[in-house]
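Heads up: the structure comes next, in C-alpha cells.
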Amino acid sequence: MSQENEHVKCLIIGSGPAGYTAAIYAARADLRPVLYTGIVPGGQLTQTTDVENFPGYPDGVQGQQMMEDFRKQAERFGTDIRFGYITSVDFSGDVHKVVVDGEKTVTAETVIIATGATAKWLGLESEQKYNGFGVSACAVCDGFFFRKQDVAIVGAGDTAAEEATYLAKLANKVHMLVRRDDFRASKAMQHRVLNTPNIEIHYSTEAKEIVGDGQNVTGVLVYNNQTLEEKLIPVTGFFVAIGHKPNTELFQDILDMDTNGYLITKSGSTRTNIDGVFACGDVQDHIYRQAVTAAGSGCMAALEAERYLAAKEHAIA
Ligand SMILES: Cc1cc2nc3c(=O)[nH]c(=O)nc-3n(C[C@H](O)[C@H](O)[C@H](O)COP(=O)(O)OP(=O)(O)OC[C@H]3O[C@@H](n4cnc5c(N)ncnc54)[C@H](O)[C@@H]3O)c2cc1C
C-alpha cells in the first residue's frame with residue numbers, strides 16, 4: 001500500500017510528443033510539472049526509424065533522437081521526469097489521486113493524460129523483424145518512402161481504405177489484403193478504393209509471412225483462407241491498418257470514452273468530463289494520430305491546465 005504522499009500542481013502521464021510538449025509549456029508557466037514516462041519512455045516514435053514530417057528537422061530525424069530532443073527540452077525548463085507507470089487513478093475528489101507502480105500516491109491539482117495509443121499488429125514474427133524496414137503501421141508517416149514501388153496493406157475498415165487510397169497516390173501499386181470476402185469500410189470509402197485503378201484487392205486473403213533479404217522487405221507470402229492456396233506478392237512496403245488501441249484501461253468508468261475507448265474531450269479543448277483533468281495526443285485522437293498533432297494538443301492541455309489553476313486561485317482569493 002501507499003507509504004509516501006506527494007502533492008503537485010501538474011502531473012503529466014506519458015512521455016510521447018503530447019506529454020513532453022505539455023511538460024515544456026507547463027514548466028515554462030511555472031507549474032513545476034512532474035511527468036511519469038510509463039514503460040515506453042519517448043512513446044511510439046521510439047519504435048520507428050526515420051521521421052521526415054515533423055517540422056524543424058529539414059533532413060529528417062530518427063524517432064529515438066527526436067524524442068530524446070523532446071525530453072531534453074522538457075527537462076531544460078525544470079520538468080521532473082520520472083520512470084514510473086500509473087496503476088490507478090481516483091478523480092472523485094477536489095484534488096486528483098494517482099498511484100504510481102502500485103505503491104506511491106501522488107495528489108495533483110491538475111492531471112494531463114498523454115498515454116497515447118498502441119497500433120495493433122498481426123502478430124507475425126517477420127512483422128516485428130522488419131518493423132521500420134519496410135513494415136509500418138502508419139501510411140501517412142511512411143508511405144513517402146515507397147514512392148513508385150509496390151506495397152501491400154492489410155485491413156478492411158475505413159482507416160485501411162483511406163490509407164490504401166493515400167498510398168495509391170504515391171506507390172506504383174497497392175495490394176490490399178482483406179480477410180473476409182467483403183469490406184467492412186463504409187460504402188463511400190469502398191467506392192473510393194474500388195475506383196482507384198492501382199489498388200488490387202485480394203479478398204479472403206491473409207498474410208502468412210513477410211519476406212525479406214535480412215535487411216528490407218521484398219515480398220509478402222499470403223494465403224487464401226478459403227482454398228488455402230499460397231502465393232508470394234513482391235512488395236517493398238507492408239502496411240498494417242487493422243486499428244489502434246488507446247491506452248485508457250486506467251480511466252474505465254471514470255472518464256468519458258467513445259465506443260473504441262478513446263477519451264472524449266470537449267470540442268476545441270483538451271478538457272475531459274472531470275475538472276482539472278485534461279487529455280492530449282493519440283489517447284483522444286483517432287483521426288490524425290501524428291506527432292505534430294499530439295504535440296499541438298499537448299501545448300493546449302498545458303495552457304488549459306494553467307488557466308484552470310489561475311481561475312481556481314482567483315476564485316479563492
Ligand atoms: C511505427 C510508427 C511510426 C510512426 N511514424 C510517425 C511519423 O513518421 N510521423 C508522425 O508524425 N507520426 C508517426 N507515428 C505516430 C506517432 O508516433 C504518434 O502520433 C505519437 O507518438 C502520439 O504521441 P502521444 O504523445 O499521444 O503518445 P505516444 O507516443 O503513444 O506515447 C504514450 C506515452 O504514454 C506512456 N504511458 C502509457 N500508459 C501509461 C501509464 N499507465 N502510466 C504512465 N505512462 C503511460 C507510454 O509509456 C508513452 O510514453 C508513428 C507511429 C508508429 C507506431
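The values are calculated or read from the model by the stated rules, or taken from the named source; none is laboratory data. These figures come from a predicted structure and were not determined experimentally. Glycine also receives a Cβ, built like all others from the backbone with ideal geometry; neighbour counts cover every protein chain displayed.
For the stretch 98-118, what are the residues that are β-branched (Val, Ile, Thr) and either farther than 21 Å from Pro246 by Cβ or touching a Phe, Trp or Tyr at 6+ places or on another chain (Cβ under 9 Å) (or both)?
Val98, Val100, Thr105, Val106, Thr107, Thr110, Val111, Ile112, Ile113, Thr115
Could you grab me the full set of residues in the stretch 98-111 that are surrounded by 17 or more Cβ atoms within 10 Å (Cβ to Cβ) and charged (D, E, K, R)?
Glu109
Of the numbered conditions (1) closer than 18 Å to Leu250 by Cβ; (2) touching a Phe, Trp or Tyr at 6+ places or on another chain (Cβ under 8 Å); (3) outside any loop (DSSP other than H, G, I, E, B), Gly84 satisfies every one except a single condition; which is it?
(3)
Test Tyr57 against the stated conditions and say whether it is of a type in the set (Phe, Trp, Tyr), within 13 Å of the ligand (Cβ to nearest atom) and in contact (Cβ under 8 Å) with a residue 12 or more places away in the chain.
no
Identify all residues within the stretch 121-150 that are touching a helix residue (DSSP H, G or I) at 6+ places or on another chain (Cβ under 6 Å) and away from the ligand (no atom under 13 Å from the Cβ); write none if there are none.
Once the filter is applied, which keeps residues that are touching a helix residue (DSSP H, G or I) at 6+ places or on another chain (Cβ under 6 Å) and away from the ligand (no atom under 13 Å from the Cβ), the stretch 121-150 yields only Arg147.
Tally time: how many residues in the stretch 26-42 are farther than 19 Å from Thr87 by Cβ and crowded, with 24+ Cβ neighbours inside 10 Å?
So the answer is 3.
Matching residues to (1) β-branched (Val, Ile, Thr); (2) out of contact with any Cys (no Cβ under 6 Å at 6 or more places or on another chain):
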{"site": "Tyr20", "(1), (2)": "no, yes"}
{"site": "Leu31", "(1), (2)": "no, no"}
{"site": "Thr37", "(1), (2)": "yes, yes"}
{"site": "Leu45", "(1), (2)": "no, yes"}
{"site": "Pro55", "(1), (2)": "no, yes"}
{"site": "Gly60", "(1), (2)": "no, yes"}
{"site": "Met66", "(1), (2)": "no, yes"}
{"site": "Glu75", "(1), (2)": "no, yes"}
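Name the residue that is nearest to the chain's Cα centre (by Cα), counting only residues in the stretch 277-294 that are buried (at least 24 other Cβ atoms within 10 Å of the Cβ) and more than 8 Å from the ligand (Cβ to nearest atom).
Among those that are buried (at least 24 other Cβ atoms within 10 Å of the Cβ) and more than 8 Å from the ligand (Cβ to nearest atom), it is Gln284.
List the pairs whose first member sits in the stretch 163-191 and is surrounded by fewer than 18 Cβ atoms within 10 Å (Cβ to Cβ), whose second member is among the aromatic types (Phe, Trp, Tyr), and whose Cβ atoms are under 8 Å apart, counting only residues at least 6 apart or on separate chains?
Between residues of the stretch 163-191 that are surrounded by fewer than 18 Cβ atoms within 10 Å (Cβ to Cβ) and residues that are among the aromatic types (Phe, Trp, Tyr), the close pairs are Leu170/Phe144; Leu170/Phe146; Arg180/Tyr203; Asp181/Tyr203; Asp182/Tyr203; Gln190/Phe183.
For the subset of the stretch 59-97 comprising residues that are surrounded by fewer than 17 Cβ atoms within 10 Å (Cβ to Cβ), under 21 Å from Asn247 (Cβ atoms) and within 19 Å of the chain's Cα centre (by Cα), which member is modelled with the highest pLDDT?
In this case the residue turns out to be Tyr85.
Could you list all residues from the stretch 93-115 that are in a strand (DSSP E or B) and charged (D, E, K, R)?
Selection gives Lys97, Lys104, Glu109.
Restricting to the stretch 244-276, give me the number of residues that are without any contact (Cβ under 8 Å) to a residue 24 or more places away in the chain and in contact with a strand residue (DSSP E or B) (Cβ under 8 Å, 6 or more places away or on another chain).
5
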